[in-house]
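The values are calculated or read from the model by the stated rules, or taken from the named source; none is laboratory data. These numbers come from a predicted model, not from an experiment. Here the Cβ positions follow ideal geometry from the backbone for every residue, glycine too, while neighbour counts run over all protein chains shown. These accessible areas exclude ligands, DNA and RNA; they are computed on the full protein's heavy atoms, side chains included. Shrake-Rupley method; radii C 1.70, N 1.55, O 1.52, S 1.80 Å.
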Amino acid sequence: MLIDFVPDRSLYPFESRWFDSSVGRVHYIDEGAGPPLLFLHGAPTWSFLYRNIVADLRDRYRCLAVDNPGFGLSERPSGFGYTIAEHTAVLGELIDHLQLDGFVLMGQDWGGPIGLGAVTARADRVRGIVLGNTSFWPTEAWANRAFSVIMGSRPMQRRILEQNFLVERVLLAELGHKLTAAEADHYRAVQPTVEARRGLAATPKEIRAAGPLLDRLARDVPLLLGDKPALLVWGMRDMVFRPNACIPRMRAAFTDLDVVELPRARHFIQEHAPDAIAAAIAKRFP
């Protein structure tokens, strides 16, 4: 199924583009000209999350932001499992279709391992890496694993599917005071029905189920991407990807790393500090 929603041009002033992947239609934006930047979202968001960063940088860069299958305006494909491995494969198809070369990848939340999983196989085409509030190793923290168990339980799966719990009670609980009513509605509008939320419901389970893929990334990222210029933009108030646990592992993985701390930002850093993130990217990758 496709989502019957047209974003407000005053909030999302971009042309929608489409890629017919092996599993279904993938929505993305491709704005501006210059060195390419590829932006990857996680859950429960979509490319709308990057709107302010893209608007800031598209006068200097070619900015691409993708909606993973099951998210945003992309198709909800029949028979798709919404695993991180499947998302990674689809993103790789899009990168090859667009013939991207010399590009910088930015990933946040699940966009980190999805993006890194796609580019470890294309490392020679990657100019640099930007990561924010994400990880690329198996989840060890008890709280995160407990969240996966709870959110994967039958009662909570019903709440995710029937009440849009991850949007209403996770994303908007954090961002409600920062977003206008119209901006909040753009996050709701792309997850309008139970069927539309199947991909969203799968993501908490992947915290544990994607362990083998994350274990491979923990080895492959330092080996294949560890010498690339890298940038961390980190929300220091994030209770999901805690800076004291994550930043040292990032420092150990990359030999040429800049770290920009966002002291007041929580998990959804693109909403909390878009100007600081855009400035950090422009400084690191002029």
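At a glance:
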| read-out | value |
| --- | --- |
| Most fluctuating residue given options Phe268, Phe39, Phe103, as computed from a GNM of the chain linking Cα atoms under 10 Å | Phe103 |
| Solvent-accessible area, 1.4 Å probe, carbon plus sulfur percent, for the chain | 51 percent |
| Solvent exposure ordering (accessible area, 1.4 Å, most first) of Lys283, Lys228, Lys178 | Lys283, Lys178, Lys228 |
| Highest-MSF residue in the chain out of Asp185, Asp238, Asp56 [GNM, Cα springs under 10 Å] | Asp185 |
| Alpha-carbon Debye profile of region 5-79, log10 I(q)/I(0) at 0.11, 0.12, 0.23, 0.27 Å⁻¹ | -0.26, -0.31, -1.05, -1.31 |
| Percent of alpha-carbon pairs separated by more than 24 Å within the chain | 45 percent |
| Spin-label zone in region 250-286 - amide nitrogen under 16 Å from a point set 7 Å from the Cα of Leu11 along the C-beta vector | 271-272 |
| All Cα pairs of region 91-180, percent lying beyond 14 Å | 74 percent |
| Region 135-286 - Debye-derived log10 I(q)/I(0), Cα point model, q = 0.15 Å⁻¹ | -0.98 |
| Estimated FRET transfer efficiency (Ala173, Leu223; beta-carbon r; R0 30 Å; 0.05) | 0.20 |
| Per residue, in Å², the accessible surface of region 61-176 once ligands and nucleic acids are set aside, probe 1.4 Å | 35 Å² |
| Cα-based radius of gyration of region 115-165 once divided by 2.2 N^0.38 Å, which approximates compact folds | 1.66 |
| Inter-label distance for Phe19 and Leu2, nm, one decimal - labels placed 7 Å from Cα along Cα-to-Cβ | 1.8 nm |
| Within the chain, helix-based [θ] at 222 nm, where runs of 4 or more DSSP H residues each add -39,500 (n - 2.57), nearest 500 | -11500 deg cm²/dmol |
| Accessible area per residue, Å², region 182-286 with all protein chains present, probe 1.4 Å | 45 Å² |
| Three-way shape label, region 140-210, alpha-carbon gyration tensor, a/c 1.5 | oblate |
